[in-house]
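The values are calculated or read from the model by the stated rules, or taken from the named source; none is laboratory data. This is a predicted model, so every value here is computed, not measured. So basically every Cβ, Gly included, is an ideal-geometry build from the backbone, and we count neighbours across all protein chains shown.
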Amino acid sequence: MSLKIQFFVFAAICAACVCAYQEQLKQTIRDCQDGKEVTDDELEEFTKPLIPKNREEKCIMACVMRTYNIISNGHYDPKIAFGILKGILKDHPEKLNKIKEVMDHCGEDVPSHMDDECDLAGEIMQCEVKYQKAMGMA
């Protein structure tokens with residue numbers, strides 16, 4: 001299985017991550033893939049602001065988002081997503097301000113609830129990529 005999954009909220013993480021966070025994210029992805037090892041290249045690919053290409057990628061993304069409580073019981077919470085990014089990007093206020101704008105837009109555009117969490121994760125990523133591109137971030 002390819003890990004060409006693209007991670008929303010976490011588009012800015014690649015540049016701002018510290019090793020400890022990368023290892024935590026890597027373990028989360030591994031857990032979401034039933035223990036499959038995750039390489040550093042796959043981790044880097046996962047953090048890019050791109051849209052998941054298939055159901056498998058959407059479902060892995062949904063699993064990661066559930067782990068961080070960004071998705072819970074089919075509900076999307078952009079405030080929790082921003083809270084996570086706020087801690088990660090605390091030393092990069094210029095990026096944080098742009099990410100907040102993206103999160104605000106997507107908080108309005110993405111359904112707050114969908115029964116299929118894999119599809120919800122796909123919608124979140126699609127919105128994130130759209131607004132990041134519009135803001136010149138991607």
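State all residues of the range 111-121 that are crowded, with 22+ Cβ neighbours inside 10 Å and modelled with pLDDT under 95; if no residue qualifies, say none. Once the filter is applied, which keeps residues that are crowded, with 22+ Cβ neighbours inside 10 Å and modelled with pLDDT under 95, the range 111-121 yields only ALA121.
Exactly one residue out of TYR76, TYR131 is among the aromatic types (Phe, Trp, Tyr) and free of Cβ contacts under 8 Å to residues at least 40 places away in the same chain, and it is TYR131.
All told, LEU85 meets the bar of being within 19 Å of ILE29 (Cα to Cα) and crowded, with 17+ Cβ neighbours inside 10 Å. So is ILE71 under 18 Å from THR47 (Cβ atoms), in contact (Cβ under 8 Å) with a residue 60 or more places away in the chain and buried (at least 17 other Cβ atoms within 10 Å of the Cβ) or not? Spelling it out, it is not the case that ILE71 is under 18 Å from THR47 (Cβ atoms), in contact (Cβ under 8 Å) with a residue 60 or more places away in the chain and buried (at least 17 other Cβ atoms within 10 Å of the Cβ). The residues on offer are ASP77, ASP41, and the sole one that is more than 15 Å from the chain's Cα centre (by Cα) and within 21 Å of LEU25 (Cβ to Cβ) is ASP41. Return yes when ASP104 is more than 22 Å from GLN22 (Cα to Cα) and in contact (Cβ under 8 Å) with a residue 24 or more places away in the chain and no when it is not. Criteria met by ASP104. Of all residues in the range 9-46, those satisfying the criterion of being at pLDDT below 85, surrounded by 16 or more Cβ atoms within 10 Å (Cβ to Cβ) and farther than 26 Å from LYS133 by Cβ are LYS26, VAL38. Every listed requirement among (1) at pLDDT 85 or above; (2) surrounded by 19 or more Cβ atoms within 10 Å (Cβ to Cβ) is met by PRO49 save one, (1). Residue-level check: of (1) modelled with pLDDT of 85 or more; (2) exposed (fewer than 15 other Cβ atoms within 10 Å of the Cβ), LYS4 misses just (1).
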